[in-house]
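Visitor: Please find one structure pasted underneath; my questions will follow.
The values are calculated or read from the model by the stated rules, or taken from the named source; none is laboratory data. The structure displayed is predicted, hence computed values, not measured ones. Ideal geometry is used to build each Cβ from the backbone, glycine not excepted, and the neighbour counts take in all protein chains shown.
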Amino acid sequence: MRIKVILQKQYSKQACIVPRDYYYYLASIIYKKLEEGNPSFAQKLHNQGYSYNNNSFKLFSFSPLKNQTNAFTIYQDKIIFTDFPLSFTCSTLINEFSTAFIMGLFKNKQIIIEDKFSKTHLKVLEIVQEKEPEFSQTMKYKLESPVIVKSKNEQTNKTEFISPQHKDFTKIIIENLQKKYSAFALQNNIEIDQSIINNINIEILEKTQKSKKIMFKNFAQKNVNFRGYFFNFILTAPIEIQKIAYYAGIGKSNALGFGYLSIHIVKRFTNIP
């Protein structure tokens with residue numbers, strides 16, 4: 001399910017000022033709303049998640065903040081939104097997550113985004129459940145937030161962020177999707193189907209690639225640097241995997257806002273005689 005949260009400023013003369021890399025703060029707000037809606041579920045999700053072979057996944061992702069004009073100003077380390085309403089979309093495979101999140105939003109319709117230097121009060125204007133798209137075995141996606149992919153450097157034995165040019169880049173994303181599918185299947189008492197996890201292919205459309213460096217605070221309040229990548233790609237896979245990618249995101253750290261996808265629709269124009 002995808003839940004779109006539409007936000008309005010709390011005070012009429014207020015702009016929305018957020019840290020430039022605000023993903024951590026938005027992730028914190030999502031966990032807070034989950035806790036307000038279902039405290040035991042929120043604690044379990046945060047501390048344990050859904051596991052497969054010693055890998056734990058949260059099985060949700062979320063979009064960047066947006067407004068209708070897609071207009072904002074960057075000033076130093078801040079983003080300033082002056083056009084309202086704003087919105088973000090939370091995406092998940094877990095029904096219990098959706099229920100808890102919606103309940104939390106209804107219980108407390110205020111959202112506060114703050115750091116040491118700024119504080120923005122927003123109110124929830126509307127909550128919209130987005131219609132599920134029609135999935136097929138070949139889908140074209142666009143990354144709305146950068147995907148994070150890591151690999152161990154054989155020479156230094158250190159784990160590093162890697163780019164789409166790395167020989168194992170798509171392989172690692174595919175393995176991540178396989179593990180997420182397996183964790184979701186185990187959670188729902190579904191037998192893991194090898195014909196599903198062994199039939200995945202990703203084709204990155206090279207002309208769309210763009211990198212981004214992100215610095216933000218993690219849940220331990222420590223500054224962390226990430227290197228992620230935007231691109232469009234074609235995913236050929238069974239419907240089950242398409243839903244994993246669309247709802248849970250691709251790559252690592254989806255619960256921190258990375259690897260969120262939209263379906264990329266190619267506009268076709270008809271010549272008028």
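Visitor: Quick one: Y247 ticks every box in (1) loosely packed, with under 13 Cβ neighbours inside 10 Å; (2) closer than 22 Å to G49 by Cα except a single one, so which number is it?
Guide: (1)
Visitor: Could you check region 211-248 and list, in sequence order, the residues that are at pLDDT 90 or above and charged (D, E, K, R)?
Guide: Listed by number, the residues that qualify are E240, K243.
Visitor: Among the residues of region 93-106, is any farther than 26 Å from I263 by Cβ, over 20 Å from the mean Cα position of the chain (by Cα) and not basic (K, R)?
Guide: Yes, region 93-106 contains at least one residue that is farther than 26 Å from I263 by Cβ, over 20 Å from the mean Cα position of the chain (by Cα) and not basic (K, R).
Visitor: Can you name every residue in region 166-213 that is over 25 Å from K142 (Cβ atoms) and either touching a helix residue (DSSP H, G or I) at 6+ places or on another chain (Cβ under 6 Å) or charged (D, E, K, R) (or both)?
Guide: E191, I192, D193
Visitor: For region 8-31, what are the residues that are of a type outside the set (S, T, N, Q) and outside any helix (DSSP H, G or I)?
Guide: Those that are of a type outside the set (S, T, N, Q) and outside any helix (DSSP H, G or I): K9, Y11, K13, A15, C16, I17, V18, P19, R20, D21, Y22.
Visitor: Something else about it: Could you give me the residue pairs with C-beta distances under 7 Å whose first residue belongs to region 220-249 and is outside the structural domain of Y23 (by TED's automatic domain parsing) and more than 20 Å from K131 (Cβ to Cβ), whose second residue is hydroxyl-bearing (S, T, Y) and surrounded by 22 or more Cβ atoms within 10 Å (Cβ to Cβ) wherever it lies, and which are 6+ apart or on separate chains?
Guide: I241/Y181
Visitor: Considering only region 179-207, state which residues are assigned to a helix (DSSP H, G or I), without any contact (Cβ under 8 Å) to a residue 60 or more places away in the chain and either under 20 Å from the mean Cα position of the chain (by Cα) or surrounded by fewer than 14 Cβ atoms within 10 Å (Cβ to Cβ) (or both).
Guide: Q194, S195
Visitor: Can you work out which of the residues in region 34-62 that are over 20 Å from F88 (Cβ atoms) and hydroxyl-bearing (S, T, Y) is surrounded by the most Cβ atoms within 10 Å (Cβ to Cβ)?
Guide: Filtering first and then ranking leaves Y50.
Visitor: Please state which one of S56, S91 is within 25 Å of C16 (Cα to Cα), assigned to a strand (DSSP E or B), small (G, A, S) and at pLDDT 90 or above.
Guide: Result of the check over S56, S91: S91.
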